[in-house]
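Engineer: Pasting in a structure now, in structure tokens, and then I'll have a few things to ask.
Derivation of every value follows stated rules applied to the coordinates shown; laboratory data play no part. A quick note: this is a predicted structure, and the numbers were derived from the prediction, not measured. Cβ coordinates were reconstructed from backbone atoms using ideal geometry, including for glycine residues, and neighbour counts include every protein chain displayed.
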Amino acid sequence: MFEFDIFREEVLKDYNSKKDHNLLASKLEAPSPANLRNYALQLYHLGLSSDDTAIFQAYFNATNKYEDLEKAIKKFDLGKLKSIQNFLTGATKLPDEEIVKLVAVLINFKPRPFQEWRENWKKENATPAVDENSALPLHEPLKVADHAALNQSTNTAIKINSSPRNIAIGTSILLALGTMTFVGVNQLKSDGCMYWNGENYVAIDCQSKMENIELLLVNEDDLKNFRKITRTDTLTEKQVNKVWYSKIDEQVEFFTQSGNHPVERERILKPATWYMIKKYRNSQVEKE
């Protein structure tokens, strides 16, 4: 799908969302050609940015027939505005680019114009380069085999020859096994384990047997500070690059710390841009 196709879909999605939540001007809720022209004139009187003015000029006065943009809007053929109405009502699926750009101004779609949206879209969908040889997951899952190794008796029988040299070697091996087991067991007892409960990490005894959870060696920092942000509607511009997000199967989640996704741990969280916060901060609230 080309970038402008995505832009067109997002503009229309924004229009329908604002319409469903009563966030549109009345003239846009009933987008007749006359209402569209009158609303465009209203926006012109309120003042347009240079980018928005250029879009108005390209649509309403493309041939520079009028010296004054206001006059061009007033004199604009209402029949030509039918194409905008058809786009907003779904009667037209592939309108001209100038129509989509104009609608973005009329409904106050952000970011705009298209060039700015494209830059944000590229940043959002950029895949960070990761050196697979150096990138390690933050937590190494505790496997069942680890439990078995740590619980293995240090009294394992080892067949050795009775020569003094082999006895010394055998003794060294037993001591090494005993030390490794002692260190491993004591690390689990002192550090413990943790698991993800959907919103945060919870400390748990490493010997606990719970179904459908994955035990991780405890990380004190994540245990105290790593949280999924459930009230995303409270996020503001102040949280830019201070919260992190993941986007998996079109579902966006925000978290309080950087690192790996707590479930899809091969996914690395990205710092949230203002564009991402604005676009997705209300998605969780709407689902509730």
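Engineer: Sorted by average packing, counted as other Cβ atoms within 10 angstrom per residue and highest first, what order do 253-262, 37-46 take? Don't skip to the answer; put the middle values down first.
Structural biologist: On the way: 253-262: 18.4, 37-46: 15.3.
Top to bottom by mean Cβ count within 10 Å: 253-262, 37-46.
Engineer: Label-point separation (nm) for residue 249 and residue 209, each offset 7 Å from Cα along Cα-to-Cβ?
Structural biologist: Between residue 249 and residue 209, the simple spin-label model gives 3.1 nm.
Engineer: Pull out the extension gain between residue 65 and residue 93, defined as 0.36 nm times the separation in residues minus the alpha carbon to alpha carbon distance; nm, one decimal.
Structural biologist: Working: separation 28, 0.36 × 28 = 10.08 nm, distance 2.94 nm.
Stretched fully, the residue 65-residue 93 segment lengthens by 7.1 nm.
Engineer: When we measure straight from the Cα of residue 122, which aspartates and glutamates land under 17 angstrom away, once same-chain ones fewer than 8 places off are left out?
Structural biologist: Reachable aspartates and glutamates: 3, 5, 9, 10, 250.
Engineer: Taking H as built 1.01 Å from N, whose amide H comes closer than 5 Å to the amide H of residue 227, not counting residues under 5 places away?
Structural biologist: For residue 227, the qualifying residues are 256, 257.
Engineer: Classify region 8-63 as rounded, prolate or oblate, taking a ≥ b ≥ c as the square roots of the eigenvalues of its Cα gyration tensor: rounded when a/c is under 1.5, otherwise prolate if a/b is larger than b/c and oblate if not.
Structural biologist: Prolate, since a/c reaches 1.5 and a/b exceeds b/c.
Engineer: May I ask you to compute the full-extension gain from residue 4 to residue 22, defined as 0.36 nm times their residue separation minus their alpha-carbon distance, rounded to one decimal in nm? Can you show the working numbers first?
Structural biologist: Working: separation 18, 0.36 × 18 = 6.48 nm, distance 2.67 nm.
The residue 4-residue 22 span can extend by a further 3.8 nm.
Engineer: Can you give the charge dipole size of region 3-125 about its Cα centre, rounded to the nearest 20 debye, using +1 on the beta carbon of Lys and Arg and -1 on the beta carbon of Asp and Glu? Display every interim value, and only then the final one.
Structural biologist: On the way: 19 positive and 19 negative charges, 73 e Å.
I would put it at about 340 debye.
Engineer: In the structure displayed, which of 74/101; 27/242; 93/270; 13/238; 19/224; 80/123 lie more than 31 Å apart, Cα to Cα? Let's see the in-between values first.
Structural biologist: Numbers: 74/101 20 Å; 27/242 39 Å; 93/270 34 Å; 13/238 26 Å; 19/224 41 Å; 80/123 36 Å.
Violating the 31 Å limit, Cα to Cα: 27/242; 93/270; 19/224; 80/123.
Engineer: Can you classify region 208-287 as rounded, prolate or oblate using the Cα gyration tensor, where a ≥ b ≥ c are the square roots of its eigenvalues, rounded means a/c under 1.5, and otherwise it's prolate if a/b beats b/c and oblate if not?
Structural biologist: Values: a/c = 2.08, a/b = 1.70, b/c = 1.22.
Prolate is the answer for region 208-287, as a/c is 1.5 or above and a/b outweighs b/c.
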